[in-house]
Amino acid sequence: MAKPVIAIVGRPNVGKSTLFNKLIGERRSIVEDVPGVTRDRIYGETEWRGKKLAVIDTGGIEPKTGDVILSQMKEQAQIAIDDADVIVFMCDVRTGLTANDRDIAVMLKRSGKPIVPCINKCDRIGDLPFEFYEFYELGFACDPIAVSSIHGTGSGDLLDACLESLGEWDDSEQEDDTIKVAVIGKPNAGKSSIINRFIGQERMIVSDIAGTTRDAVDTRVENEQGKFTFIDTAGIRRQAKIDDKIEKYSVLRAHMAVERADVCLLLIDAVTGITEQDEKIAGIAHEAGKATIIVVNKWDAIEKDNNTVKQYTEKIRVALAYMPYAPILFVSAKTGQRIPNIYEHINYVHNQANTRISTGMLNDVLAEATMRTQPPTDKGRRLKIYYMTQISVAPPTFVIFCNNIELFHYSYQRYLENCLRDTFGFRGTPIKLIIRQKGDDKV
């Protein structure tokens, strides 16, 4: 295996997410002193003694519960256990060994995986409390490791124990050549359902409770269309409705997911139609310069005639007038209608966003454009455009040199952008134009 997987499991609120963040070196999992904050599996990566390790944070396990969300969290933790090569079983020294700890230990032993018991909140490592020694009763092959996840102490011993439990493995690195796709939208637009449809298993917790997904979660899919990493994000709510810290973290996490994505899938609920909040969410992807596909979900629930698609498309184009480049797909995560088409569009817009055009070709288009529509003038001064060159991709970014930046009106920039699109496509991606002044501005 190229990269062994460590799953961190345990009861709610024992410090799993804090340890996870310490191990991967960034605040990816939401950390609050509230049980049930981490609901899905969160993936990260760490390196120890020259070895790269994948780490999974899981929602807290409640072995006996009738709560819908808690029972689904248990199922998600079980999937993480199945995926793992070694399991870190985290307990809380302050509460001591509980009945739930014992039940979870039995569940973990059934997995047959190596288990490393991790006893958290041992803030004074050199002076362990009496309660620490209770955890030897669990009977794991590995001795309990004392850690303080909030301070990071003991994490080295923990990783040493994990490496020892793993034994020898092939750690040859494989280049990550996946297309990273952020699935964004309002709560209940069907983001998790679409990813579940992609991968054919209940990878995400799916329920009709708004705000179920609170973290950004990565899921890798490989098929004949290519390799993809889907990032399921918390639904982005209206700012006025974000009334607790966890929801605010979730919105921040959605922004961060967009930043690290190559392509964004903007999900719109066909039943409720496009809203002001959809426009704001689309703006996040547009401002970040990300290739975007507009996916209208729940299309099976709409009564249709010959004009339905046309009318719906027109409404979207009016509301999202700033991103006319984004293709629109009408799908149903529930029935699977047109879901496979999304892969083709992801590949297409990703390629468009990474297209490079030679300076010679660009200036041929520029010469034709300026000849067809003369650059603007102001008080006898005319804008002169000298040349254009592409400096980067994703999004395609061009520098245009002119004699006077003040004469380069926004409307003419939009005209040149349209000329570029008419000639080279750039379907699905924003284009960035940078205007630079060169030479004498006196005409």
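Remarks
- Environment charge at Ala146 (Cβ cut-off 15 Å; Lys +1, Arg +1, Asp -1, Glu -1): -4
- Inter-label distance for Asp143 and Gln225, nm, one decimal - labels placed 7 Å from Cα along Cα-to-Cβ: 5.2 nm
- Above-threshold pairs, the threshold being 23 Å between Cα atoms, out of Lys22/Lys227; Lys191/Lys298; Lys22/Lys121; Lys3/Lys113: Lys22/Lys227
- Projecting label points 7 angstrom from Cα along Cα→Cβ for Thr308 and Asp364 puts them 4.6 nm apart.
- Equivalent ellipsoid dimensions for the range 387-432 as semi-axes, Å, which come from the Cα gyration tensor, largest first: 19, 13, 9
- Shown here for the range 78-161: trypsin sites (Lys or Arg not before Pro) in loop regions (DSSP other than H, G, I, E, B) with at most 15 other Cβ atoms within 10 Å, namely Arg94, Arg124.
- With a Förster radius of 45 Å applied to the beta-carbon distance between Asp177 and Gln437, the computed FRET efficiency rounds to 0.65.
- Applying 0.36 nm per residue to the separation of Lys3 and Ile405 and subtracting their alpha-carbon distance, the gain on full extension is 139.6 nm.
- Qualifying trypsin sites (Lys or Arg not before Pro) for the range 334-390 [loop in DSSP, other Cβ within 10 Å: at most 11]: Arg356, Lys379
- Net length available on complete extension from Asp127 to Phe424 is 100.1 nm, with 0.36 nm assigned per residue and the Cα-Cα distance removed.
- The simple spin-label model puts a point 7 Å past each Cα toward its Cβ; for Gln337 and Asn354 those points are separated by 3.3 nm.
Just so you know, all these numbers are worked out from the coordinates, no wet-lab data involved. None of the values given here were measured: they were computed from a predicted structure. Positions of Cβ are backbone-derived with ideal geometry, glycine not excepted, and every protein chain shown enters the neighbour counts.
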